[in-house]
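Notes follow once the structure below has been shown.
The values are calculated or read from the model by the stated rules, or taken from the named source; none is laboratory data. All values derive from a computational prediction rather than experimental measurement. Neighbour counts run over all protein chains shown; Cβ positions are idealised from the backbone, glycine included. Surface accessibility is based on the protein's heavy atoms, side chains included, excluding ligands, DNA and RNA. Shrake-Rupley method; radii C 1.70, N 1.55, O 1.52, S 1.80 Å.
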Amino acid sequence: MSVVVEKLTKRFAAGGTPAVSDVSFHAPAGAITTLLGPSGAGKSTLLRLIAGLESPDSGTLQIDGVDCTTLPVQKRGIGVVFQSYALFRHLTVRENIAFGLTIRRLSQAEADARVDEMLKLVQLEELGHRYPGQLSGGQRQRVAFARALAIRPKLLLLDEPFGALDTRVRVELREWLHELHVRTGVTTLLVTHDQEEALEISQHVVIMSEGRVAQAGSPAEIYDRPATPFVASFVGGTSVLKGHVREGRAQVGSLIVDAPESAREGEAVHAFVRPHDIKLVKTSNGHGVNGTNVLKGSNGVNVGSSGRVERLKPVGGYVKVLLKLPTGDTVTVEVPRSEFDQLGVVEGDSVQADVRTARVFVGDFSI
Ligand code: ADP
Ligand code: MG
């Protein structure tokens, strides 16, 4: 069941800024599509429009080729899981899961069989008779999934379903959701502000910013070829360096990079550098290895700089190195642990920073 959204717009106040503005995207059948963006981007509003919990000012929604723009909520065949569990506290796990089935007038025997099936699916067979208050946060969210899936929805909508859980449980449930999706194959739309979650779990990513779609594509496309400065900075923990076009190249502080072809002399540019796209080489004299500032960038580009190690932050398997460039700009570099041990640098050391790839955008903008 694919989902096609065309030019959806929703304003909460007449004449105000739209929460969702002219949004179009396609969620492929049987896939997990994530709506990824910062808080306030309009993700939840968009999901609520698709669920039928809000109605759009304009635009259309098709589910499996059928126009559902004005279809009432209960006729859309959609299962929804929100961040807060929204389970009925006075009902047992079984009764919570059966809730939508009773409304849909399944017989008692059919409903019982469906609840058993769902408990098995979410691996909570033993806990059917407990109340939500007797479950952990992760277990409660699994009950919420069971309840959403019990009606055999055409489409599953998930709004930050793991947002209220601690990191360890969140990461476990991410894997669990992947397996659940493999088993059910139900077309899923997942709202998240967590880029790792989005890149890891989905086949298609729609990046939202200020009510609009900034870019849509596969996780690899989004990561490797960000279409806008916003996407480049939002995904991948990127350092942003400002500069200008000088003699056909982008001079970004102490670095020199090839400018995009459209760039004109004197124009402002921003270079976006990923933390793992910088290679550090230790220098003994406090200058670059060969005295020049040369490093390799993505568009056939060279850039390079010496820098000073400002701070080292070991994070498990890698070390975050905060590097101060001669211009005063700071970039974050991630070095795998084994490479770091070989490098043998301490805070205050001078290093040469070789940029493997950088993405350069022309123009003056705030991100
Ligand atoms: P996200 O889920 O990406 O954080 P939301 O869709 O919740 O974003 O919100 C988008 C914008 O719409 C925000 O500016 C928010 O304040 C506004 N908004 C959301 N819901 C309502 C509402 N019911 N009434 C008025 N404004 C709302
Ligand atoms: Mg939200």
Can you name every residue in region 334-355 that is surrounded by 17 or more Cβ atoms within 10 Å (Cβ to Cβ), assigned to a loop (DSSP other than H, G, I, E, B) and β-branched (Val, Ile, Thr)?
345
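Count, please, the residues in region 9-32 that happen to be surrounded by 23 or more Cβ atoms within 10 Å (Cβ to Cβ) and more than 10 Å from ligand 1 (Cβ to nearest atom). First the steps, then the outcome.
Our first condition is that a residue be surrounded by 23 or more Cβ atoms within 10 Å (Cβ to Cβ); within region 9-32, this holds for 20, 23, 27.
When the remaining residues are screened for being more than 10 Å from ligand 1 (Cβ to nearest atom), the result is 23, 27.
Total meeting the criteria: 2.
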Please return the ranges of helices (runs of 4 or more DSSP H) entirely within region 79-155 where 2 or more residues are among the polar types (S, T, N, Q).
93-103, 137-150
Out of 40, 65, report the one residue that is within 16 Å of ligand 1 (Cβ to nearest atom) and on the phi > 0 side of the Ramachandran plot.
40
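Of these, 193, 204, which one is assigned by TED's automatic domain parsing to the domain that holds residue 49 and at pLDDT 95 or above?
Working: 193 fails: at pLDDT 95 or above.
None of the others qualify; the one that does is 204.
Condition check ((1) touching a helix residue (DSSP H, G or I) at 6+ places or on another chain (Cβ under 6 Å); (2) in contact (Cβ under 8 Å) with a residue 40 or more places away in the chain; (3) under 24 Å from residue 214 (Cβ atoms)) across all residues:
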site: 37; (1), (2), (3): yes, yes, yes
site: 59; (1), (2), (3): no, yes, yes
site: 65; (1), (2), (3): no, yes, no
site: 80; (1), (2), (3): yes, yes, no
site: 86; (1), (2), (3): no, yes, no
Matching residues in region 316-367 - criterion: being within 24 Å of the chain's Cα centre (by Cα), among the β-branched types (Val, Ile, Thr) and closer than 30 Å to residue 248 by Cβ:
331, 332, 333, 357, 360, 367
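One line per residue, one yes/no per condition, for (1) outside any helix (DSSP H, G or I); (2) modelled with pLDDT of 95 or more; (3) open to solvent by 10 Å² or more (accessible area, probe 1.4 Å):
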{"position": "165", "(1), (2), (3)": "yes, no, yes"}
{"position": "189", "(1), (2), (3)": "yes, yes, no"}
{"position": "214", "(1), (2), (3)": "yes, yes, yes"}
{"position": "223", "(1), (2), (3)": "no, no, yes"}
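State whether one or more residues within region 1-8 are within 16 Å of ligand 1 (Cβ to nearest atom) and in contact (Cβ under 8 Å) with a residue 40 or more places away in the chain.
We begin by selecting, within region 1-8, every residue within 16 Å of ligand 1 (Cβ to nearest atom); these are 5, 8.
Right, trim to in contact (Cβ under 8 Å) with a residue 40 or more places away in the chain and you get 5, 8.
The answer is yes, given that some residue of region 1-8 is within 16 Å of ligand 1 (Cβ to nearest atom) and in contact (Cβ under 8 Å) with a residue 40 or more places away in the chain.
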From the list 59, 52, 42, 65, pick out the single residue that is within 16 Å of ligand 2 (Cβ to nearest atom) and either open to solvent by less than 30 Å² (accessible area, probe 1.4 Å) or assigned by TED's automatic domain parsing to the domain that holds residue 134 (or both).
42
Based on this model, can you work out whether residue 88 counts as of a type outside the set (A, V, I, L, M) and touching a strand residue (DSSP E or B) at 6+ places or on another chain (Cβ under 7 Å)?
no
Answer yes if at least one residue in region 113-134 is open to solvent by 10 Å² or more (accessible area, probe 1.4 Å), more than 27 Å from the chain's Cα centre (by Cα) and within 30 Å of residue 37 (Cα to Cα), and no otherwise.
no
